[in-house]
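Below: one structure in structure tokens.
The values are calculated or read from the model by the stated rules, or taken from the named source; none is laboratory data. A quick note: this is a predicted structure, and the numbers were derived from the prediction, not measured. So basically every Cβ, Gly included, is an ideal-geometry build from the backbone, and we count neighbours across all protein chains shown. The area values use the complete protein model at the heavy-atom level, side chains included, leaving out ligands, DNA and RNA. Shrake-Rupley method; radii C 1.70, N 1.55, O 1.52, S 1.80 Å.
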Amino acid sequence: MKILVTGGAGFIGSNFIRYMLEEHPDYRIINLDLLTYAGNLENLADLEGCRFVRGDIADKAFLETLFAEEGFDGVVNFAAESHVDRSIEAPGAFLSTNVLGTQALLEAAERHGARRFLQISTDEVYGSLEDVGRFTEANPLAPNSPYSASKAAADLLCRAYWKTFNLPVVVTRCSNNYGPYQFPEKLIPLFITNALADEPLPVYGDGLYVRDWIYVRDHCTALDRVFHHGRAGEVYNIGADTEKTNLEITQTILEKLGKDAGLIRHVKDRPGHDRRYAIDSSKIRAELGWRPATSFEAGMSHTIDWYIRNESWWKKIKSGEYRQYYQRMYGNR
Ligand code: NAD
Ligand code: TYD
């Protein structure tokens, strides 16, 4: 089987390629990535058996050549602009990659007869929950940030390519991931690396916002299951029933690192901040027999250990363009 993985130099994509090469050593994987600020070939440095191609998923001429040359059996689309705060600052790139890029990829897959197109989406397309209830696949789409709006648009294009062109598309909507190789702009790696450097942990607002966390490898096992056995035209939610407030996450990190709660700083809130996400993943569990395997305790311990052992990975990132980003985002907060 020959699979095109897009965004494979990012956080989840690189974990997915590593997982797939372990589980299916006979598969050929081609990793297409633009190497934006979030893409990092060091995430894959130890891997063999995967061709890397630098390019933009929104570049139709480039995709035409690549698809004609390789003849993919399937496509797994991780490539995206993925950070909510950046989408508030500059939404344009979110539309070109997440919406137009997904459409260009769908078109190439359809033209070249791909037998599977897996779109990696997010629970954020459902919007925000109050204290009760969980998102099911039947929830209406109600995105609140430019990021989630662009992902919702991509989900709808996937549906249209299934309905109109019979392209066998499957969409997954996963909750918040954490684990090795996550770019230190997201909550967990930002707070681990700041705490390791004895720098403040900027908690937005009251810190009582709730996210439903999943260890990245569990997301990858679910994607493997959906890629091979999911029904075309369907949406599958993925989650591990692990709701935590941001302050609970912060406390876990501080405790595991033996750092003082004095590092916590409550800062100005994110505009349009979704209060709570919680995912009902009973469909994938019942239909495909999937289960997460990693407890929050174990996942956080592995993750924190990984950031301790891989200081040079994140120090290099945090010393570059990231410094201007951090100043813009947190300087006057
Ligand atoms: P990431 O930001 O770490 O990685 C994104 C990758 O896409 C990078 O390697 C980047 O270089 C590449 N990319 C960006 N624009 C591109 C373009 N135009 N052409 C080709 N490559 C491009 O993101 P992530 O956290 O690994 O998320 C991967 C996917 O999973 C995204 O689609 C995201 O919406 C989805 N998702 C993420 C989470 C999460 O918690 N991180 C949860 C649910 C769903
Ligand atoms: P994030 O990792 O950006 O993921 P998302 O917004 O896609 O869920 O943020 C997770 C939660 O942590 C969210 O409620 C915002 C909050 N947060 C902070 O309080 N401080 C921060 O510096 C960051 C990056 C996030």
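In the set Ala286, Ala293, which member is outside any loop (DSSP other than H, G, I, E, B) and open to solvent by 40 Å² or more (accessible area, probe 1.4 Å)? Step through it out loud before you land on a result.
Values: Ala293 fails: outside any loop (DSSP other than H, G, I, E, B).
Matching residue, one of Ala286, Ala293: Ala286.
Residues in segment 183-211 that are open to solvent by 10 Å² or more (accessible area, probe 1.4 Å), more than 19 Å from Asn332 (Cα to Cα) and either more than 16 Å from ligand 1 (Cβ to nearest atom) or over 21 Å from the mean Cα position of the chain (by Cα) (or both): how many?
So the count comes out to 4.
Tell me, which residue of segment 307-333 that is open to solvent by 70 Å² or more (accessible area, probe 1.4 Å), of a type outside the set (S, T, N, Q) and in a helix (DSSP H, G or I) is nearest to ligand 2 (Cβ to nearest atom)?
In this case the residue turns out to be Arg328.
Do you know which of the residues in segment 251-266 that are without any contact (Cβ under 8 Å) to a residue 60 or more places away in the chain and more than 28 Å from Arg291 (Cβ to Cβ) is nearest to the chain's Cα centre (by Cα)?
Step one: filter segment 251-266 for residues without any contact (Cβ under 8 Å) to a residue 60 or more places away in the chain, giving 251-252, 254-256, 258, 260-262.
If we keep only those that are more than 28 Å from Arg291 (Cβ to Cβ) too, we end up with 254, 258, 260-262.
On the way: Leu254: 24, Gly258: 29, Asp260: 30, Ala261: 29, Gly262: 31 Å.
Top of the filtered list is Leu254.
Still on this structure, I have one more. Which residues, counting only those in segment 20-39, are open to solvent by 60 Å² or more (accessible area, probe 1.4 Å) and of a type in the set (A, V, I, L, M)? Let's see the steps before the verdict.
Taking segment 20-39 first, the residues open to solvent by 60 Å² or more (accessible area, probe 1.4 Å) are 22-23, 25-26, 28, 34, 37.
Answer for segment 20-39, where residues must be open to solvent by 60 Å² or more (accessible area, probe 1.4 Å) and of a type in the set (A, V, I, L, M): just Leu34.
As an exercise: evaluate Leu247 against (1) within 16 Å of ligand 1 (Cβ to nearest atom); (2) surrounded by fewer than 19 Cβ atoms within 10 Å (Cβ to Cβ) and give the number of the one condition it does not meet.
Going through (1) within 16 Å of ligand 1 (Cβ to nearest atom); (2) surrounded by fewer than 19 Cβ atoms within 10 Å (Cβ to Cβ) one by one, Leu247 breaks only (1).
So, one more: Taking the conditions exactly as written (modelled with pLDDT of 95 or more, among the charged types (D, E, K, R), more than 12 Å from ligand 1 (Cβ to nearest atom) and in contact with a helix residue (DSSP H, G or I) (Cβ under 7 Å, 6 or more places away or on another chain)), does Glu64 satisfy them or not? Steps first, please.
Working: modelled with pLDDT of 95 or more: yes; among the charged types (D, E, K, R): yes; more than 12 Å from ligand 1 (Cβ to nearest atom): yes; in contact with a helix residue (DSSP H, G or I) (Cβ under 7 Å, 6 or more places away or on another chain): yes.
So Glu64 passes the test.
Condition first: open to solvent by 10 Å² or more (accessible area, probe 1.4 Å), within 22 Å of the chain's Cα centre (by Cα) and more than 16 Å from ligand 2 (Cβ to nearest atom). Now tell me which residues in segment 58-86 satisfy that.
If the condition is that a residue be open to solvent by 10 Å² or more (accessible area, probe 1.4 Å), within 22 Å of the chain's Cα centre (by Cα) and more than 16 Å from ligand 2 (Cβ to nearest atom), then Ala58, Asp59, Ala79 are the ones that fit.
When you scan segment 46-54, do you find a residue that is within 9 Å of ligand 1 (Cβ to nearest atom) and over 15 Å from Thr97 (Cβ atoms), even just one?
So in segment 46-54, the residues within 9 Å of ligand 1 (Cβ to nearest atom) come out as 54.
From the residues that got through so far, the ones that are over 15 Å from Thr97 (Cβ atoms) too are none.
Checked against the condition, which is being within 9 Å of ligand 1 (Cβ to nearest atom) and over 15 Å from Thr97 (Cβ atoms), segment 46-54 yields no hits at all.
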